[in-house]
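Visitor: This is the structure I want to talk about, given as C-alpha cells.
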Amino acid sequence: KLTRHETRYKSPGVWQPCSVVQISSDNPVVGGYEKNGEAHFVGRALHEGDNIPGKVVPSHGICYVSYYYKEHQHQHYQVLTNPHGANLIWVEASGGQVATGALLGGKQADGEKLYIGRAMHDGCMVVGKINPSHGNY
C-alpha cells in the first residue's frame, strides 16, 4: 500500500556524488539562482543523520542545506542530474504540500521522506527540503 506521497514510477533524476573540486557535467538540474544571477543546482548532503535536499552553488563548490533554521555547508554532497533529458518542471505548492510526482530528495534519520522544493528568499530562488509532516519548506 502506498502512502500519500509515494509514487509508482522510476525517478527521472539520478544523484551523482560530488565534492568541492568537481560537479558532474551530466545535465545537473538547475534549481534556482543567487542575487548575482548565478544559477545553482539541486543537491543534497548528509547532516546530523539526515539526507537533506539543498542548493549547490557552482562557484563555491559547496552544498548548502537548511537544518533547524540555519544554513550548513558541505564539501561532500550529491547533485541531482537529468541524464535522459526528462521534462522536469516546478509546480507551485504551499503549506508543506507535496505535488503529485514530486521528486524525493532525501530522508530524515527516522525514515521520514523529504522532497525537493524551492522558494524566494532574500532576493534568491533557493532550493531546499519540503517536510510534509512539518507543513513547511
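Visitor: Let me have the relative contact order for the range 59-132, percent, based on Cα pairs under 8 Å that are six or more residues apart.
Guide: It rounds to 20 percent for the range 59-132.
Visitor: Only counting other Cβ atoms within 10 Å, I'd like ILE116, ILE89 sorted with the fewest neighbours first.
Guide: On the way: ILE116 25, ILE89 7.
Lowest count first: ILE89, ILE116.
Visitor: I need the Kirkwood Rh of the chain: take the reciprocal of the average 1/r across all distinct C-alpha pairs and report it in angstrom.
Guide: It is 15.0 Å.
Visitor: Using Cα pairs closer than 8 Å and at least 6 residues apart in sequence, work out the relative contact order for the chain, in percent.
Guide: 26 percent
Visitor: Among ALA109, ALA39, ALA86, which one shows the biggest mean-square fluctuation in a GNM of the chain, springs joining Cα atoms closer than 10 Å?
Guide: In the Gaussian network model the winner is ALA86.
Visitor: Excluding the sites themselves, what is the longest stretch of the chain that contains no trypsin sites (Lys or Arg not before Pro) in a DSSP loop with at most 11 other C-beta atoms within 10 Å?
Guide: With a cap of 11 other Cβ atoms within 10 Å, the longest stretch comes to 36-137.
Visitor: Now for a separate question. Please report MET120, MET125 as a ranked list, fewest other C-beta atoms within 10 angstrom at the top and most at the bottom.
Guide: So the residues, fewest neighbours to most, are MET120, MET125.
Visitor: Taking amide H atoms as placed 1.01 Å from N in the peptide plane, list the residues 5 or more away in sequence, or in a different chain, whose amide H sits under 5 Å from that of GLY32.
Guide: Correct list: HIS40.
Visitor: Now for a different question. Among TYR33, TYR69, TYR77, TYR115, what is the fewest-to-most ranking by other Cβ atoms within 10 Å?
Guide: Ordered from fewest to most neighbouring Cβ atoms within 10 Å, TYR33, TYR69, TYR77, TYR115 come out as TYR69, TYR33, TYR115, TYR77.
Where a number appears in this text, it was derived from the coordinates with a stated rule and is not lab data. In this text, all values refer to a predicted model and were calculated from it rather than measured experimentally. So basically every Cβ, Gly included, is an ideal-geometry build from the backbone, and we count neighbours across all protein chains shown.
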